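Reading through the structure tokens given below for one structure.
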Amino acid sequence: MALVSSPALAPPISRDRLRDMLRSRIRYSLAQVPARGMSARLMLKPLSQTVRDLLVDRMLETEARYRAEQAKRVYYLSMEFLVGRCLGDAITNLRMREHCREILAELEVDLDSVLDHEDDAGLGNGGLGRLAACLLESMATVGIAGFGYGIDYDYGLFKQEIVDGAQREKPDRWKEAGDGLMLDRSDQPYLIPVYGRVEGSGARRVWVDYHGIIGLPRDLPVAGYSGTVVNAIRLFSARSTDEFDLECFNQGDYVRAVEKRIAHENISRVLYPSDAATAGKELRLLQEYFLVACAVRDAMRRFVLDGHKWEDLPSHVAMQMNDTHPSLAVVELMRLLVDGCEMEWPKAWEITQATLGYTNHTLLPEALERWPVPLVERVLPRHMEIIYQLNYDLMARVARSFPGDFDRMRRMSLIEEAPEKQVRMAHLATLGSHAVNGVSELHSRLLKGTILRDFHEIWPERFSNKTNGVAPRRWLLEANPGLADLLSGCVGDSWITDLGDLRGIEEFVNAPAFQLDFLEVKRRNKRKLARVIAAGTGIAVDPESIFDVQVKRIHEYKRQLLNVMRIVHEYLRLAEDGAEVLAPRTYIFAGKAAPGYWAAKQIIKLIHSVGRV
């Protein structure tokens, strides 16, 4: 068993073969003869399908290599994958951007215009989702058998419009322009149970009378740089087992005839439905369990196909929970091992902990997920039983380690004894994992000293730090080609896969020629951004001014309000106190506020009001 399948740098596809593949796709996907002057929007489909064909070839080669090497598989469970526009990323990592540009130019089509017609995939929202996307791309680049599991949302968070300085939300129909890189895997469906009740006595419990939801997978290929390794994010959409109630329809009750199908399919309808109402909370819990149940079943299916024994699961499979949303993986894996495989509880728990890991993303107590016990009991009755047993074992362990410390037992319990009892999902994820990490050195240190301090005192060996990073291919090579060319001209191309090699640039920083070239790259980028701002808002900004940018989710703890108050202060110093302008400055904000978050929406309104002044 190996963790890494060391990738060599694969030779890029020849221009002639790529031209032939694209022309064939134009003919058979659009039923057209390739001709000059085709629209960029029309070209998106055949180009996407051409790239997908190349990815499929390399994906099959990658899978064959993993099987031959018995590579350990890493599964990343996340409610979000903020992958953005995937086509350009794949073209960059397959190292065929210039070939694509030249071949499309022969047809008088601009590659950048084609890529602009691709919608951002509505699969993520913020840093949690971007971390997931960068991690998957990086694992493919270094040759790790790393796969993502998520939900195939019909709609993204929402499309934002600004009307009179205020945010307005519209549905994000991100699939309308097509999702040409996706691969249908509906031949591998999974039946997911919810609701129902539990029968049996002792250790053998049976979940009965449940409702069945079908999880249908699609794969989004993830190419590492050079394209030698192509992994995938497997995304599941929910379908009902009861498509249509003909009897109700014939009786004239047309809504009731399809209500069960609509209710089940709502599970994969939208990213982060509002949980302000009880129905929203239930839908979110269903979403999280649906993701976990589909992911664990799919990972176990691959494990069984490889012919391994259950006792060896941790040697061949690692499952990482990205924040608390997939915490139910702890309980679901236990349920499958105890109920499905009839494994003894202690052995199942040992395997579960050795297989699972947990990445924490927040220290805010109000942001840590808790689910009302009555809700979990109704939606997932067998899981609630397992949680109670895990909590009993945990409390016994705490009592042995800290006799008489009832306050510690209260703090560490999986069940929060509030007026309405709630399951603490961060505690569940921590208890069920052999490794727990934060996403920066400071975050990890605070994690051990604040919200998970009690767990750290019992199991200090579980805690470590993994500093959050980005993929240099996406955020430098592709996003800033002018700077990438300048850097490669100085230190070579090795930084593309080893960012540490950029230290070689230090010997050039005092060279006047390099300084001028660097400033010119920056100036061109600022002019480009100024054109985007003018086209989108009608506002002309000075490219020679300092651009002061804050782009992130609009939230009180992200401190956009503090930033705006600083701008007001600076303005008043200039307008009323006669302070000297040291350098012109342009302030740029971007981000969305959650639809039900009144304070964040008021911050957006304030930003625009200050901007008008």
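The values are calculated or read from the model by the stated rules, or taken from the named source; none is laboratory data. Predicted, not measured: the structure shown is a model, and the values here were computed from it. Cβ coordinates were reconstructed from backbone atoms using ideal geometry, including for glycine residues, and neighbour counts include every protein chain displayed. Surface areas here come from the heavy atoms of the whole protein model, side chains and all, with no ligands, DNA or RNA. Shrake-Rupley method; radii C 1.70, N 1.55, O 1.52, S 1.80 Å.
Within the chain, the longest run free of chymotrypsin sites (Phe, Trp or Tyr not before Pro) that sit in a DSSP loop with at most 15 other Cβ atoms within 10 Å is 245-613.
When GluC sites (Glu not before Pro) are flagged only if DSSP places them in a loop and at most 16 other Cβ atoms lie within 10 Å, the longest unflagged stretch of the chain comes out as 421-543.
With the simple model of a label 7 Å out from the Cα in the direction of the Cβ, residue 344 to residue 461 spans 2.2 nm. Rounded to the nearest 10 degrees, the angle from helix 381-401 to the longest Cα principal axis of the chain is 80 degrees. Here residue 388 and residue 579 are evaluated by their C-beta separation; at R0 = 45 Å the FRET efficiency comes out at 0.10.
Would you mind checking the tilt of helix 278-305 against the longest principal axis of the Cα atoms of the chain, expressed as 0 to 90 degrees and rounded to 10? Value to nearest ten degrees: 90.
Using the Cβ-Cβ distance between residue 562 and residue 110 with R0 set to 30 Å, the FRET efficiency from 1/(1 + (r/R0)^6) comes to roughly 0.10.
Dividing the mean sequence gap of close Cα pairs (under 8 Å, 6+ apart) by how many residues the range 533-613 holds gives a relative contact order of 41 percent. Mind checking the angle between helix 40-69 and the chain's longest principal axis? C-alpha axes, 0 to 90 degrees, to the nearest 10. Once rounded, the angle reads 50 degrees. Counted residue by residue at 0.36 nm each, then reduced by the alpha carbon distance between them, the extension gain from residue 613 to residue 266 reaches 120.6 nm.
Centre-to-centre, using Cα atoms only, the range 166-191 and the range 482-538 are separated by 35 Å. Heavy atoms of the protein chains alone define the surface here; on that basis the range 381-497 has 47 Å² accessible area per residue at 1.4 Å probe size. Of all aspartates and glutamates in the structure, the ones whose alpha carbon falls short of 16 Å from that of residue 170, not counting any fewer than 8 places away in one chain, are 119, 120, 154, 161. Remark: relative contact order (the chain) = 12 percent; criterion is Cα-Cα distance under 8 angstrom and separation of 6 or more residues.
Given +1 at the Cβ of Lys and Arg, -1 at the Cβ of Asp and Glu and no other charges, the dipole of the chain around its Cα centre is 320 debye to the nearest 20. What you get for the range 145-205, charging only the Cβ of Lys and Arg (+1) and of Asp and Glu (-1), is a dipole of about 420 debye around the Cα centre.
For the pair the range 304-333 / the range 375-393, the C-alpha centres are spaced 19 Å from each other.
What is the ratio of the Cα radius of gyration of the chain to 2.2 N^0.38 Å, where N is its residue count, to two decimals? Computed over Cα atoms of the chain, the ratio equals 1.05. Compared with the alpha-carbon gap, the fully stretched path from residue 242 to residue 101 is longer by 45.9 nm at 0.36 nm per residue. Here the calculated FRET efficiency for residue 445 and residue 35, from their Cβ-Cβ distance with R0 = 60 Å, stands at 0.45, rounded to the nearest 0.05.
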